[in-house]
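Down below is the structure, laid out as structure tokens.
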Amino acid sequence: MSAIPESSSAPSDLEKKNEDNKQKQSNLQRIQLRKQSVRAWPAEKKIEKLGIYSSCKADENCKCNGWKNPNPPPNPPKPDAPSQVSSLNDPCRGCEHKLKDHVSHLETVGDEELDRLLGIVVDVENLFMCVHKEEDSDTKQVYFYLFKLLRKCILQLSKPEVEGPLGKPPYEKPSIAKGVTNFVLHKFTHLSPKEWQMMYDLAKMFLHCLNHWKLETPSTRKQYMSQEELAAYKVNYTRWLCFCHVPAFCDSLPHFDTTLIFGRTFLKSVFQTMRKQLLDKFKAEKDKMPPEKRTLVLTHFPRFLTLLEEEIYSPNSPIWDPNFTGKTPAHVLAAVQAQAATDPSGVVSTPTAGKKRPADDDTGGQPDMKRRRSEDENLDEAVAEIVAELENSKQNSQSMFPEHAPRDEAAKIEEKKGLLEFHCIANSLTEKVSRQTMLWLIALQNVFSHQLPRMPKEYITRLVFDPKHKNLALVKNGKPIGGICFRMFPSQGFSEIVFCAVTSNEQVKGYGTHLMNHLKDFHIKNGIHHFLTFADEFAVGYFKKQGFSKDLKLPKSVYGGYIKEYEGATLMGCELNNKIVYVEFTAVVRKQKEILKKLVERRQAEIRKVHPGLTCFKDGITEVPVESIPGILETGFAPPAAKATRSSEERMDQETLYNTLKTILHSCKTYQYSWPFMHPVDRKAVPDYYDHIKFPMDFKTMTERLKANYYVNKRLFIADLKRMISNCKAYNSPETEYYNCASNLEKYFNTKLRDHNLL
Ligand code: ACO
């Protein structure tokens, strides 16, 4: 569990790191195998295991927080000794109460939930080992925090959620993944398709390495970091442990990729060390690599990293601009179109025998798939950002309860805090029924009698205490305040809801909804997918809101003779969907709606961006490609397939033109008389400029147009240059310095155009 050593140039360090990796892999496999085997245990053994992590409920004063076996196995355990499963009546070595007093809350818990809890138990036991083995105090502290968090989740049957000052991911925008993708679009769009693809693959490799990178502990960085830097590093290190590193081997914790939740600050703090270690590692492994991989990682990758380094540390790098709008290279778009043209269904075909292998293809493999993948990654990232935004706004508005929160939200929060409990209880003629169960059945019988005054009390009593009927009790502060009495007919595939009520002063608080959702989840776990009920005329509205309908999905032959008929009530049914976790349903749907709404808003904001109009028509140009109009591609417009399938010769011409224009533009920008033309004229400094000049032009705009592949022919480029000069000469009088600059620049670029055979 210790971090990677700071310097790993010595072969022994590298060997150790490889060993560490192998060890990590085998540890992950071991954990997964352990989880599989635990899930295959018989039910009693599972319950016993969970009992060890469950507090005693025998009486209020008992503080025992886990059942301890009175006959502990020998330490160390004998490998071949048969393990004896304890009985529910076995007393706890600590508090002397029985095992069943520790596990009574698991009675209504289905198999799936038990398995989830056992998964957490395996993670808790691993974390326990980590805490003990870890020598670094910062890391140890975090392991211990996560250990306690998971223990609490087992006790409370809740989902692990890291809370507190660390905040929720993502922590910086744009993310490292976005920044590195921008870097490829910013730096390499002019390259040939094959070279571009290589850079794209190197970027992916870099991100992959970072996602699996083991950070140095803050203490190893003490010597060469200021107090302030160290404090910031420590925060990110802790976040990385909680959200990336530990969840990679404790899968009950939510896992995030490092490159999706951290941004430039994090990358700056790890880049130098990571580069050194990576390159050392590749050098050490070079003899085992195939030749093409060797060239890639020993020649191209170091250059790639040097260029990336410039962008990471340069204060003006555009790749970290949240509004960066790099263009996907023309050849990638063209290949997408070609694919769409040959496959109108839009389904991406995989390479088949006889076709070129991706690496041989001069379009660089399957760019459409790669593009889609990168779009998916962008979408994932956008969704992660939105989820974090929503979480934050939820946290901020928790005190004022949201007006439009789902009906059952308050009940769920109370349940999470342990104020509400749900217990499935029943009378029994064959087994001893606990005193508490009896008291709760009596309390439920009272609630039903009060809330259903037209129902004879004796009848209610008979059914509530009938062993064939079960009762889902809603217990608040130790007392049942509502419940549902039901009878399951597994052979017929349905359950009859006989009574359903919430005590009057607790109604319309969402308890009825949450109760019904628990009942639905309980039935799905038990393989029953239909409810039937005779609803009182006043309760039809409530049942409708719980998904019941008068249109029954079950034929009468299935329920006739089984269900009790009531006069003056309406028979209603509800079909359950086993893919839904009903207690989460409203919250999940609501969240999905909010995410979708935000995604649409973001897309609309992009599309509604107003671009400056085209000026080229004023200069005699009669036609421009539609896709070159700024903003068109962002709306989802796809250029016609015929254009996209240009011959490779035409594509080459396009690339040559791009490179030539880039060279000319670069020399013009560095020319001594170009300084007045570098940026658009400042509206504040020259207030009347735009009254006179309707089609302004400058080198910044031209650079952006070049990057956006607007200059699909030389005429568009020359027109912009000329426009820049004529604007300047129109606004300024001949004796000014500006006019002089314009004349000199005009001569200069004409020479350059001639030199490149463009005039
Ligand atoms: N008629 C119409 N709508 C109702 C009724 C009703 N009688 N009761 C609740 N609702 C609505 C609520 O307004 C709420 O709607 P909303 O989400 O749009 O705001 C929704 O149903 C759920 O409300 P909850 O707060 O979750 O439900 P509650 O905790 O109030 O429990 C229950 C509902 C059990 C019906 C309760 O009101 C009650 O005990 N009523 C008296 C007893 C009764 O009539 N039981 C049903 C008899 S039929 C039978 O038992 C098979």
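So the values come out like this:
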item	result
Boolean, Leu706 is closer than 17 Å to Pro612 by Cβ and touching a helix residue (DSSP H, G or I) at 6+ places or on another chain (Cβ under 9 Å)	yes
Every pair of residues 6+ apart whose Cβ atoms lie under 7 Å, when the first sits in segment 430-442 and is more than 12 Å from Ser104 (Cβ to Cβ) while the second is open to solvent by less than 60 Å² (accessible area, probe 1.4 Å) and aromatic (Phe, Trp, Tyr)	Leu441/Phe465
Residue selected from segment 425-477 under the condition under 25 Å from Gln507 (Cβ atoms), of a type in the set (Lys, Arg) and more than 12 Å from the ligand (Cβ to nearest atom), by the criterion surrounded by the fewest Cβ atoms within 10 Å (Cβ to Cβ)	Lys457
From Pro79, Pro70, Pro42, residue being more than 33 Å from the chain's Cα centre (by Cα), modelled with pLDDT under 80 and surrounded by fewer than 16 Cβ atoms within 10 Å (Cβ to Cβ)	Pro79
Only one of Val558, Val540, Val583 that is in contact (Cβ under 8 Å) with a residue 24 or more places away in the chain and away from the ligand (no atom under 16 Å from the Cβ)	Val558
Those helices (runs of 4 or more DSSP H) lying entirely in segment 501-579 with at least 3 residues over 19 Å from Gly483 (Cα atoms)	556-559
Failed criterion for His255 (all others in (1) in contact (Cβ under 8 Å) with a residue 60 or more places away in the chain; (2) open to solvent by 40 Å² or more (accessible area, probe 1.4 Å); (3) outside any helix (DSSP H, G or I) hold)	(1)
Enumeration of residues in segment 494-525 that are more than 7 Å from the ligand (Cβ to nearest atom) and open to solvent by 20 Å² or more (accessible area, probe 1.4 Å)	Thr503, Ser504, Asn505, His518, Phe522, Ile524, Lys525
Odd one out for Val85, checked against (1) modelled with pLDDT under 90; (2) in a helix (DSSP H, G or I)	(2)
Scan of segment 526-537 for residues that are among the acidic types (Asp, Glu) and more than 6 Å from the ligand (Cβ to nearest atom), ordered by number	Glu537
Which numbered condition Arg487 misses (of (1) within 23 Å of Arg462 (Cα to Cα); (2) part of a helix (DSSP H, G or I); (3) more than 10 Å from the ligand (Cβ to nearest atom))	(2)
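Matching residues to (1) within 17 Å of Ala203 (Cα to Cα); (2) in a loop (DSSP other than H, G, I, E, B):
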residue: Thr265; (1), (2): no, no
residue: Phe271; (1), (2): yes, no
residue: Lys286; (1), (2): no, no
residue: Leu296; (1), (2): yes, no
residue: Pro302; (1), (2): yes, no
residue: Phe324; (1), (2): no, yes
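The values are calculated or read from the model by the stated rules, or taken from the named source; none is laboratory data. As the structure is a computational prediction, the values presented were derived from the model and not from experiment. All Cβ positions, even for glycine, are placed from backbone atoms using ideal geometry, and neighbour counts span all protein chains on display. These accessible areas exclude ligands, DNA and RNA; they are computed on the full protein's heavy atoms, side chains included. Shrake-Rupley method; radii C 1.70, N 1.55, O 1.52, S 1.80 Å.
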